[in-house]
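All remarks here apply to the structure that follows.
The values are calculated or read from the model by the stated rules, or taken from the named source; none is laboratory data. Nothing here was measured: the structure is a model prediction, and the numbers come from that model. Methodologically, a virtual Cβ is constructed for each residue, glycine included, from the backbone with ideal geometry; neighbour enumeration extends over all protein chains shown.
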Amino acid sequence: MTYFFILGNNPTLSIAEIINVLSKQIVKIEKLSSEVLLIKLSGKVSVLELQNQLGGTIKIGQTVDQVNLNSFSDLVDKIWQNLPKNLSNLYFGLSTYYLGGQKRDISRKLKKAALEVKARLKKQGIACRWVESKEKVLSSVILQKNKLLSSGTEIVFLIDNNKCYIGKTLSCQSFKNYVLKDFGRPDRIIEKGMIPPKLGQIMLNLSRDPSFSLEKTLILDPFCGSGTILQEALLMGFKSIIGTDKNKRAIVSAQKNLEWLVQNIKQSLGGVRIFYSDVRKISKKIRAKSVGAIVTEPYLGPLKFSSSECSFIIRELGQLYLSAFEQFSIILKTNRKVVIIFPIFRIRNKQYFLPILDKLKNQGWQIQSPIPHSLLKSSVIKITKRESIIYSRPGQKVLREILIFKKA
């Protein structure tokens, strides 16, 4: 079966997450673009469960046919054939995404076809509403507010040069859940910088390997801050989670936020432990070779800095991170991952990375590419020479560099 995944704002990160989560089920990657990943899977998947698990995917659906865009009657017929037939009051929407080649604007054709479909439905006595947008796609917000997936359907057109696949959206991201998880929390340490819940979710998915067990794998965030990664690990179903921080204010914040999570979203805190610890001494508090994955955003330095301060900040952070990895070597199980964020400092449009990769290699750490080598030639994939993915927003002075490490 072929499924389409509508990608988030960072397509490379979205693709890396999807491929890592579905590694056992992927038969073939059919096509990828900056908007869509088309994958043939070995069987059916629980789409709603998968959608909730993925942080970087906006929609998931299934391709059902191809359509001839040069034939108006074929376009109308294919829309008609893919509408639900058991509803007396029907909502439907149409979205267009590009898989490759020259971008064709088919908005006028789709509008004309939608009006023709509405007329057919009216003749059959079926009340209907065509849900429109000013954009070529319907957002997850529009889908949910108009109940398109529960009281109707979204039909998706995936254009690839002269081909056009037609698909049906089966799920979309719950924007309400992400707003609640981020801005609904009682304690947010904004001055320290906060990792977005979606990014925490993606990083946890990148830490997975085929031998992972939600019941038995111990997840550690040694710079837990206000508890975003702990929160996402808990929601993902992990039963053994540890969060530590040397900032006592952060420990209180994380505990408060997880208690709120239990009351508002999740039933039980399960096996979450949060305690004070300096990462440079963490092996004294966590048993050797007991951790299944380390997923963390360490202290990235001050949010505001001058160019003269930058070299000092980079040197100080480099020493902290090297000390942390020495401790990780002791407590992490063999062949398990560290998924971590390094800061990139932007000064006058020039980027400054932490120059510690060679020292980490000397410690025995190997950098893992987040993307299969077979896809690295694609123009869609944006991987640095350091085999990392950059995550940022316009205007940021401190960017996030996502790296995956493993030690045999």
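Quick notes on this structure:
- Residues in the range 181-198 that are at pLDDT below 90, assigned to a helix (DSSP H, G or I), surrounded by 16 or more Cβ atoms within 10 Å (Cβ to Cβ) and in the same structural domain as LEU235 (by TED's automatic domain parsing): LYS192 only.
- Qualifying residue in the range 164-180 (condition: charged (D, E, K, R) and surrounded by fewer than 16 Cβ atoms within 10 Å (Cβ to Cβ)): yes
- Among the residues making up the range 233-255, those that are over 13 Å from PHE275 (Cα atoms) and part of a helix (DSSP H, G or I) are ALA233, LEU234, LEU235, MET236.
Okay, residues lined up against (1) closer than 30 Å to TYR299 by Cβ; (2) in contact (Cβ under 8 Å) with a residue 24 or more places away in the chain; (3) out of contact with any Gly (no Cβ under 9 Å at 6 or more places or on another chain); (4) of a type in the set (A, V, I, L, M):
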position	(1), (2), (3), (4)
LYS134	no, no, yes, no
ASN146	no, yes, no, no
VAL156	no, yes, no, yes
GLY167	no, yes, no, no
PHE183	yes, no, yes, no
ILE202	yes, yes, no, yes
PRO210	no, yes, yes, no
GLU215	no, yes, no, no
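- Against the list (1) surrounded by 13 or more Cβ atoms within 10 Å (Cβ to Cβ); (2) touching a residue at least 12 places away in the same chain (Cβ under 8 Å); (3) more than 15 Å from ARG400 (Cα to Cα), the condition GLU309 fails is (2).
Residue by residue, here is whether (1) in a loop (DSSP other than H, G, I, E, B); (2) of a type in the set (Ser, Thr, Tyr); (3) modelled with pLDDT under 95; (4) over 18 Å from ARG336 (Cα atoms) holds:
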| site | (1), (2), (3), (4) |
| --- | --- |
| ARG280 | no, no, no, yes |
| SER283 | no, yes, no, no |
| ILE286 | yes, no, no, no |
| ILE294 | no, no, no, no |
| PRO298 | yes, no, no, yes |
| LEU303 | yes, no, yes, yes |
| ILE313 | no, no, no, yes |
| LEU317 | no, no, no, yes |
| LEU320 | no, no, no, yes |
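- Test: residue in the range 333-348 that is part of a loop (DSSP other than H, G, I, E, B), β-branched (Val, Ile, Thr) and surrounded by 15 or more Cβ atoms within 10 Å (Cβ to Cβ): no
Here's the yes/no breakdown for (1) part of a helix (DSSP H, G or I); (2) among the aliphatic types (A, V, I, L, M):
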{"site": "GLU17", "(1), (2)": "yes, no"}
{"site": "LEU48", "(1), (2)": "yes, yes"}
{"site": "GLY55", "(1), (2)": "no, no"}
{"site": "ILE58", "(1), (2)": "no, yes"}
{"site": "GLY61", "(1), (2)": "no, no"}
{"site": "LEU75", "(1), (2)": "yes, yes"}
{"site": "ILE79", "(1), (2)": "yes, yes"}
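- Cβ-Cβ under 7 Å pairs, at least 6 apart or on other chains, the range 9-26 side assigned by TED's automatic domain parsing to the domain that holds SER392, far side at pLDDT 95 or above and in a helix (DSSP H, G or I): none
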